[in-house]
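Q: Let me give you the structure first, and then I'll get to my questions.
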Amino acid sequence: MINRIFAWLTDGAHWQGYDGIAARLIEHLGYSLIAVLVAALIAIPLGLYIGHTGHGRFLVVNLAGAARAIPSLGLLLLAVLWLGPRFNGDIAFLLPAGLVLVVLAIPPILSGAYAGVEGVDPDARDAAKGMGMGGSQVLRHVELPCALPLIMSGIRAGTMQVIATATIAAVVGLGGLGRFLIDGLAVRDTPQTASGAILVALLALSVDMVLAMVQALIVSRGLTGRYKRVKTFDPDAGVTPPAPALQHVA
Amino acid sequence: MIRFDSVSKHYPDGTKAVDELTFEAPTGQITVLVGPSGCGKTTSLRMINRMIEPSGGRIWIDDQDTSTMDETELRRGIGYVIQHAGLFPHRTIVANIATVPRLLGWNRARAEARALELLERVGLPAGFARRYPAQLSGGEQQRVGVARALAADPPVMLMDEPFSAVDPVVREQLQDEFLRLQGDLGKTIVFVTHDIDEAIKLGDRVAVLRAGGHLAQLADPAYLLAHPVDDFVADFLGKDRGYRALSFQGSPAFSLTQEQTVPLGATPAQAAGAARDGWVLVVDASRRPLGWIESGRVKSPIKPEMLHRGGTVATVGGPLRNVLDAALSSPSRRGVMVDDEGAFVGTIRAHEVLAEIEERARPELEDQEARA
């Protein structure tokens, strides 16, 4: 079995053409990145705003909880049935599918951004205000950089979910790596089905690795604890002066 | 000068945090607001830079009404130090210190040069510049907090319990260095603490507040200890008021008793020869006192670990409290006095210090009014 999967994956013919692995990979990545980008553009400003002002906190809490219960396949079919007839051509499928992916990516990114700002040390925020930063300066210079680790984990969680869910977009006739799964199942071509699953998993892992590297680059070392080792020469190290027996009253 | 003119802070639920508070914090001095929790001291402080808006009255900085000034302008002109320092965890130490200069539009190079200068000023090594706050101890972070507040050289500083979150030894160091720094800089400082000992040590003037934001008494520390205005202030000042008040009285040129001393390594015979009433003082090569030793117990050349460690040392001309303490804490009953270089000059006994104290008048109301 493993040999057959390996054979399927390494067959050069399967990689080429408009329905080959390479093209599907790019499609899959494309859908996912666009969906995450749109979700981030909505969720990050909203999360920062809610965290900064405290307005609408209930929205985040409820949304994040409710989102876990959304059945993605059901939502996808519902969106296609509802929106599909209103558009023509590819857009009739692309739009509903894209919408569902965006909807799924928003909650983790939103709660990451909100929790990140909410979690900023109140003393740091107080000091920033007290030194004469205006509201937007506090947000840009203190809250946003301090919230970055949680914003990035929100984006990574959202991206994983989108890459996984984009697979089922194939059910409604879209491209992407889901095609191999769905088509493979339809014709009982197990090597093709399994290869599709493996490719989705590999794609998700590689994208997460790239995002992890981006996170390491943009998050301050002061927050991650990965300090550059500074070598300093201390001539007094290890030498303690003898303590006088009498203590001087200051 | 900062002037409170019938300043109140009332909350919608009817709580009065501060009620009709009127006082002045003179230019170049440390005015300490002290009181139990809920006395409105922090609220009063935070109304100066309008982190809290007063609900009545006016606060003046020199001849400017703070309520007419732009909030951020006002704050950039006032140094602000808080309890846990509140450093920005994502910025290096040097970037933290340079915050206000950068807000004021200084270029990076100038702001950084200034930050490095201040790092040294607050007693931190230049090697800390590129570190992050999490790499520093609480006491070191608090020094950075002070440096950050000083960065744009504001004439006014607000300090909200800046030293209360560090351990007692570090707190004492920070207080001493703060006083030394203030001696150089002469800022107009309003300082909030709940610790009356800190208030008395640091304040040029101490304002004792009672619950509900009422000013119970405002005076210099020596006067406060001698003349608490009522039971509340007296209780708040606590015990040992007479003894603590001696901190503010310099000592005269006492005629000291000369002592024969011995160096480390002295033999039992030398110790016995120099001892008086069974005790002899051991000094180092520059005559700095090291400790007392009972000559009868010296069986071999004197080593440091044989010395008695209980006694304190007082400087000639220093506060009477230190002189009295040196006498009281000395195992030989003879208080060790040193000169400014720390070299031994002679000893004094408790009754001689007490005789001097009895001669003196306590600080009286007239003095206070003359000073105010």
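The values are calculated or read from the model by the stated rules, or taken from the named source; none is laboratory data. Everything numeric here is computed off the predicted structure, so don't read it as measured data. Cβ placement follows ideal geometry from the backbone for every residue including glycine, while neighbour counts extend to all protein chains displayed.
Q: Filter the stretch B:316-331 down to the residues that are part of a loop (DSSP other than H, G, I, E, B) and within 12 Å of chain A (Cβ to nearest Cβ), then identify the one that is nearest to the chain's Cα centre (by Cα).
A: Across the stretch B:316-331, the extreme among qualifying residues is B:GLY318.
Q: Next question, about the same structure. Inspect all residues belonging to the stretch A:35-49 and state whether any of them is in a loop (DSSP other than H, G, I, E, B) and either out of contact with any strand residue (DSSP E or B) (no Cβ under 6 Å at 6 or more places or on another chain) or under 24 Å from A:THR159 (Cβ atoms) (or both).
A: Within the stretch A:35-49 (the criterion being in a loop (DSSP other than H, G, I, E, B) and either out of contact with any strand residue (DSSP E or B) (no Cβ under 6 Å at 6 or more places or on another chain) or under 24 Å from A:THR159 (Cβ atoms) (or both)), the answer is no, since none of the residues qualifies.
Q: While we're on this one: Name the pairs whose Cβ atoms lie under 6 Å apart, with the first residue in the stretch B:141-162 and assigned to a helix (DSSP H, G or I), the second among the aromatic types (Phe, Trp, Tyr), and 6 or more positions between them or separate chains?
A: B:ALA149/B:TYR80
Q: Here's a check for you: in the stretch B:121-150, which residue that is under 20 Å from the mean Cα position of the chain (by Cα) and surrounded by fewer than 19 Cβ atoms within 10 Å (Cβ to Cβ) is farthest from the other protein chains (Cβ to nearest Cβ)?
A: By that ranking, first place goes to B:ARG121.
Q: For the stretch B:97-113, give me the residue count where each residue is in a helix (DSSP H, G or I) and polar (S, T, N, Q).
A: 1
Q: When you scan the stretch B:1-96 for strands (runs of 3 or more DSSP E) that lie fully inside it, which ones turn up with 1 or more residues that are loosely packed, with under 15 Cβ neighbours inside 10 Å?
A: B:2-10, B:16-25, B:56-61
Q: Can you tell me which condition A:MET152 does not meet? The list is (1) in a helix (DSSP H, G or I); (2) free of Cβ contacts under 8 Å to residues at least 12 places away in the same chain, and all the others hold.
A: (2)
Q: Hey, can you tell me all the residues within the stretch B:66-120 that are within 9 Å of chain A (Cβ to nearest Cβ) and farther than 24 Å from A:VAL120 by Cβ?
A: B:GLU73, B:GLY77
Q: Output the number of residues of the stretch B:151-165 satisfying the condition of being away from chain A (no Cβ under 11 Å) and surrounded by fewer than 21 Cβ atoms within 10 Å (Cβ to Cβ).
A: Qualifying residue count, the stretch B:151-165: 4.
Q: Need a quick list: helices (runs of 4 or more DSSP H) entirely within the stretch B:205-315 having at least 2 residues that are more than 33 Å from the chain's Cα centre (by Cα) and not assigned by TED's automatic domain parsing to the domain that holds B:SER44.
A: Output list reads B:268-274.
Q: Another one. So, of the residues in the stretch A:122-140 that are surrounded by 19 or more Cβ atoms within 10 Å (Cβ to Cβ) and touching a Leu at 6+ places or on another chain (Cβ under 9 Å), which turns out to be nearest to B:ILE48 (Cα to Cα)?
A: The selected residue is A:GLY130.
Q: Shifting gears a bit: Mind listing whichever residues of the stretch B:282-304 are out of contact with any Leu (no Cβ under 7 Å at 6 or more places or on another chain) and facing another protein chain (nearest Cβ under 9 Å)?
A: B:ARG288, the sole residue that qualifies.
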